[in-house]
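Comments concern the structure below.
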């Protein structure tokens, strides 16, 4: 049964009609009904509250009279002392209860509920805790305590009457309160929903901008890699690679030619070390033994090595240098000298290395690679942001779905609370 049906009573069966209320209209309706229901019960409560205060005043006066009462007849001293102690305990416990009963009840529903809970508990506790005291008290002060007990029973009866009023009020008012809280919850969810929708819209706008920037960067990159500068740059890289390959081939050719005369070179160097042969540059000779390529670069037109080869020829012929395959070595040296092999390969090396250095310098001065790297880094950064923002869009979108479902569930529950026997109320929340 819905709240409004509870308030107005079940109507005769007839065709159901549908009424649409905004969330604000539903809130106003509930506030009005809550105020009406509360006010009608507040008058009854105030009446009972006033009676309870009147009875409490009577109890307070009775306790004063009980406190003054003295027992003058002869009686066992120990019994008298125990009875007086229980009389004090009884009075103190009653006065503690009265402190709670005398508190203002407040003017709103929650304050009245709090007063009722506290008062009911205080009266129950006083009733429980004074049983033993009254057992001793009635032995000597039954007459003096009679008024207090009578008024306490009246107060307990009023408290039970208040129980009925409170339960009746709760049956009517708490469902309305539940519906009001549901409306408050819906309003909070609507605020949250609006904030999340704004966040999602902002994210989607940013994501669109990122995608536009991505498309622009891709066009820029495509323009670079299909442009004249990039084509020329790659040609230079290919040429650089070819020259480096050519230099490696020259190194291999030098190594192969010197492999047959390396032993004679070392033996000739021994003659130099022993001062049997004289040359002008011992360091260059040593370099020819360890690294022929570097030595050729350092030996202008290979004049030094050619002179050394001629000396080696003479030393081999004069038997100063003893080697195997003497004729083969002499033939190789002769071929190298007659064909000017070393000078020729030296020129080829110098030409290739100079061309390589010029190419390296030209490549370093090219800005097209920097431009390409810059755009590629920009694209990488944009792609990472798009990925992260896509995850965030999904996360916020999921939150919106959950909030929307929560609003729908609360709306359905609210409509059930507002349902009438012959009328269906639809609450419009958006």
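Observations, loosely collected:
- Set side by side, the residues 162, 113 differ, and just one is under 20 Å from residue 39 (Cβ atoms), within 56 Å of the chain's Cα centre (by Cα), in the same structural domain as residue 70 (by TED's automatic domain parsing) and buried (at least 19 other Cβ atoms within 10 Å of the Cβ), which is 162.
- Scanning the stretch 318-339 for residues that are surrounded by 14 or more Cβ atoms within 10 Å (Cβ to Cβ) and assigned to a loop (DSSP other than H, G, I, E, B) gives 320, 321, 323.
- Taken over the stretch 398-427, the criterion of being surrounded by 15 or more Cβ atoms within 10 Å (Cβ to Cβ) and farther than 26 Å from residue 176 by Cα is satisfied by 399, 400.
- Test: residue in the stretch 80-94 that is farther than 27 Å from residue 161 by Cα and out of contact with any helix residue (DSSP H, G or I) (no Cβ under 9 Å at 6 or more places or on another chain): yes
- Filter result for residue 342 (farther than 25 Å from residue 251 by Cβ, in the same structural domain as residue 299 (by TED's automatic domain parsing) and surrounded by 14 or more Cβ atoms within 10 Å (Cβ to Cβ)): no
- Tally of residues being under 32 Å from the mean Cα position of the chain (by Cα), part of a helix (DSSP H, G or I) and closer than 24 Å to residue 194 by Cα across the stretch 387-430: 24
- Scan the stretch 124-140 for residues that are in a helix (DSSP H, G or I) and buried (at least 21 other Cβ atoms within 10 Å of the Cβ) and the total you get is 4.
- So residue 103, is it modelled with pLDDT of 85 or more, surrounded by 11 or more Cβ atoms within 10 Å (Cβ to Cβ), assigned by TED's automatic domain parsing to the domain that holds residue 143 and outside any helix (DSSP H, G or I): yes
- Yes/no for residue 308 being touching a residue at least 12 places away in the same chain (Cβ under 8 Å) and not in a helix (DSSP H, G or I): no
The values are calculated or read from the model by the stated rules, or taken from the named source; none is laboratory data. Small disclaimer: the values here were computed from a predicted structure and weren't measured. All Cβ positions, even for glycine, are placed from backbone atoms using ideal geometry, and neighbour counts span all protein chains on display.
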